[in-house]
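Report on the structure given below.
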Amino acid sequence: MTTIAIVGAGKGLGLAVADRFGREGFDVALISRNQDRLDALAAELRSSGYRAQGFAANVRDGDSLRAALGAATEQLGPIEVLQYSPLPAKEYMRPVLETTAEDLVGPVEFSVYGSVNAVRQVLPGMRAIGTGTILFVNGGSAVRPGARVTGTSVAFAGESAYAQLLHDAVADEHVHVGQLIIPFGIDDGQDDHSSAAVAERLWSIYTERGDFRTYAEPLPE
């Protein structure tokens, strides 16, 4: 049995993805900052019959993130799927003319350094088992920068560039890298915007192993 590690796991999309992959036999490693919340999510998943455990880490702290992913591998087994989808902090979303160089440190550590640290921790294991999938989940500002969300626009662009380069670099190793762009709010009342619907889209990216970038729906004009 292999494991999906969800970096940025929460009650919405993270839990829905855990349920979707758990139904297919995956063990689930939940990673975010708050251990108590992770323990509650893991207990909910275990009550549905899945093997799940939470591992606390701050994505801006490379040592803690690597340690959490290492512990997940030791306790649950090889990580075949990594989902990198932590929710950016509100302070990363400032208008461009109010954004200083210092304001960009957090977003870049969060989206770029964090994703690189996560990938480098799990990629050797994927190579060892001969397969893997790395899923990046981003908002629309990753491909269309927004003047009022400067930090995430800059950081998501860097994350996207890294992810696409990674996609090209590991394709011959049976490791698929895919990015899902979500231009809308999740769980905003529309059925096709629900966490479950987005989780189904991520499952399709995993199974179909198609192009690098997928849009949950077209960007608004």
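The values are calculated or read from the model by the stated rules, or taken from the named source; none is laboratory data. Remember, it's a predicted structure, so these values are computed and weren't measured experimentally. A quick note on method: Cβ atoms are made from the backbone with ideal geometry, for glycine too, and the neighbour counts reach across all protein chains shown. All accessible areas refer to the heavy atoms of the entire protein, side chains included, with ligands and DNA or RNA removed. Shrake-Rupley method; radii C 1.70, N 1.55, O 1.52, S 1.80 Å.
Quick notes on this one:
- Inclusion of residue 66 among residues that are more than 15 Å from residue 136 (Cβ to Cβ), of a type outside the set (Asp, Glu) and part of a loop (DSSP other than H, G, I, E, B) is not warranted.
Yes or no, residue by residue, for (1) of a type in the set (Asp, Glu); (2) open to solvent by less than 60 Å² (accessible area, probe 1.4 Å); (3) in contact with a Cys (Cβ under 9 Å, 6 or more places away or on another chain); (4) more than 19 Å from residue 134 (Cα to Cα):
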{"position": "17", "(1), (2), (3), (4)": "no, yes, no, no"}
{"position": "42", "(1), (2), (3), (4)": "no, yes, no, yes"}
{"position": "49", "(1), (2), (3), (4)": "no, no, no, yes"}
{"position": "91", "(1), (2), (3), (4)": "yes, no, no, yes"}
{"position": "95", "(1), (2), (3), (4)": "no, yes, no, yes"}
{"position": "100", "(1), (2), (3), (4)": "no, no, no, yes"}
{"position": "110", "(1), (2), (3), (4)": "no, yes, no, no"}
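- Residues being at positive phi and either among the aromatic types (Phe, Trp, Tyr) or free of Cβ contacts under 8 Å to residues at least 40 places away in the same chain (or both) - total across segment 1-43: 1
- Just one of the listed residues (82, 69) is over 16 Å from residue 33 (Cα atoms) and touching a residue at least 40 places away in the same chain (Cβ under 8 Å), namely 82.
- Here is the figure for segment 179-203: residues that are closer than 13 Å to residue 133 by Cα and out of contact with any strand residue (DSSP E or B) (no Cβ under 8 Å at 6 or more places or on another chain) total 1.
- Residue check, residue 195 without any contact (Cβ under 8 Å) to a residue 60 or more places away in the chain, open to solvent by less than 30 Å² (accessible area, probe 1.4 Å) and of a type in the set (Gly, Ala, Ser): no
- Failed item in (1) open to solvent by 70 Å² or more (accessible area, probe 1.4 Å); (2) more than 17 Å from the chain's Cα centre (by Cα), with residue 173 passing the rest: (1)
- Taking the conditions (1) crowded, with 18+ Cβ neighbours inside 10 Å; (2) of a type in the set (Val, Ile, Thr); (3) under 23 Å from residue 10 (Cα atoms); (4) in contact with a Gly (Cβ under 7 Å, 6 or more places away or on another chain) in turn, residue 119 satisfies each one other than (4).
- The set of residues from segment 123-167 being of a type outside the set (Gly, Ala, Ser) and in a loop (DSSP other than H, G, I, E, B) comprises 131, 143, 144, 145, 148, 149.
- Test: residue 207 is outside any strand (DSSP E or B), at negative phi and crowded, with 19+ Cβ neighbours inside 10 Å: no
- Filter result (surrounded by 16 or more Cβ atoms within 10 Å (Cβ to Cβ), closer than 19 Å to residue 135 by Cα and over 14 Å from the mean Cα position of the chain (by Cα)) within segment 63-88: 66, 68, 72, 73, 77, 78
- Given (1) closer than 17 Å to residue 123 by Cα; (2) touching a residue at least 40 places away in the same chain (Cβ under 8 Å); (3) open to solvent by 60 Å² or more (accessible area, probe 1.4 Å), index of the condition residue 154 fails: (1)
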